[in-house]
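Contents: one structure, followed by commentary.
Each reported figure results from applying straightforward, stated rules to the coordinates on display, with no laboratory input. Just so we're clear, the structure is a prediction, and the values are computed from it rather than from any experiment. So basically every Cβ, Gly included, is an ideal-geometry build from the backbone, and we count neighbours across all protein chains shown.
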Amino acid sequence: MSRYLCIAVALIATLSACVMDLTRLKNDPVDFVRQVKPILEASCLECHQHQYEFAGLNLETQARAMKGGRSGPVIVPGAPHQSLLYKVLLLGHNNPVAMPPTPERMERENEQTLHDWIQQGAKWPEGVRLTPPQDWKKSRS
Ligand code: HEC
């Protein structure tokens, strides 16, 4: 009997951990400066800024990011699945527009952060500017 109890307790513990994890992913408000900015800077800014504006897309400032690239806006606040900025992360790497254009996909957790940020309205605090990795030394030392 106690063996069954153990199994039951273990099951409940596992299930509730899963449920908690899901709600955490869904409901946590995303902080642009702390969570989104570092992801975009490390994975995207190398090629999407004033020096190398691939596909006409510059993600340095809110104004430029919201303007989008050669295909038009890439961020649709509230709708990650209509946002090219998010959709390109999900493309298979046999697709030339898969981003970042490295053999590895972005980590699942970072994809989720960008998803939630767009879903929650793509808030970008005024005046916050992203720094391309090429300029990290200059701006942070
Ligand atoms: C090594 C350079 C490089 C990096 C890093 C990079 N991109 Fe790109 N990006 C490109 C190039 C080149 C294109 C054009 C691809 C094509 O059409 O063949 C592009 C195109 C795009 C487009 C399409 C824009 C439009 O209007 O058509 C989006 C959106 C995009 N990138 C988002 C991202 C995101 C988000 C990241 C980071 C996760 C990222 N890119 C990282 C080089 C890069």
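Details
- Annotation: extensible slack from residue 135 through residue 112 equals 5.6 nm (criterion: 0.36 nm per residue apart, minus Cα-Cα distance).
- Size of charge dipole - segment 31-132 - debye, nearest 20, with Cβ of Lys, Arg +1 and Asp, Glu -1, no other charges: 280 debye
- Model label points for residue 120 and residue 91, set 7 angstrom from Cα along the Cα-to-Cβ axis, are 2.8 nm apart.
- Under 5 Å, built H, 5+ apart or other chain: amide partners of residue 69: 74
- Kirkwood estimate for segment 20-141, i.e. one over the average of 1/r between Cα atoms, Å: 14.8 Å
- Coupling constants for segment 38-51 follow from the phi torsions by the Karplus curve (6.51 cos²θ - 1.76 cosθ + 1.60, θ = phi - 60°), and in residue order they are x, 5, 5, 5, 6, 9, 10, 5, 3, 10, 10, 7, 4, 6 Hz; glycine and proline get x.
- Dipole orientation for segment 31-132: of the candidates 75, 101, 132, 75 has the Cα lying most toward the positive pole (charges on Cβ; Lys, Arg +1; Asp, Glu -1).
- Here r is the Cβ-Cβ distance between residue 63 and residue 33 and R0 is 22 Å; the resulting FRET efficiency, rounded to 0.05, is 0.80.
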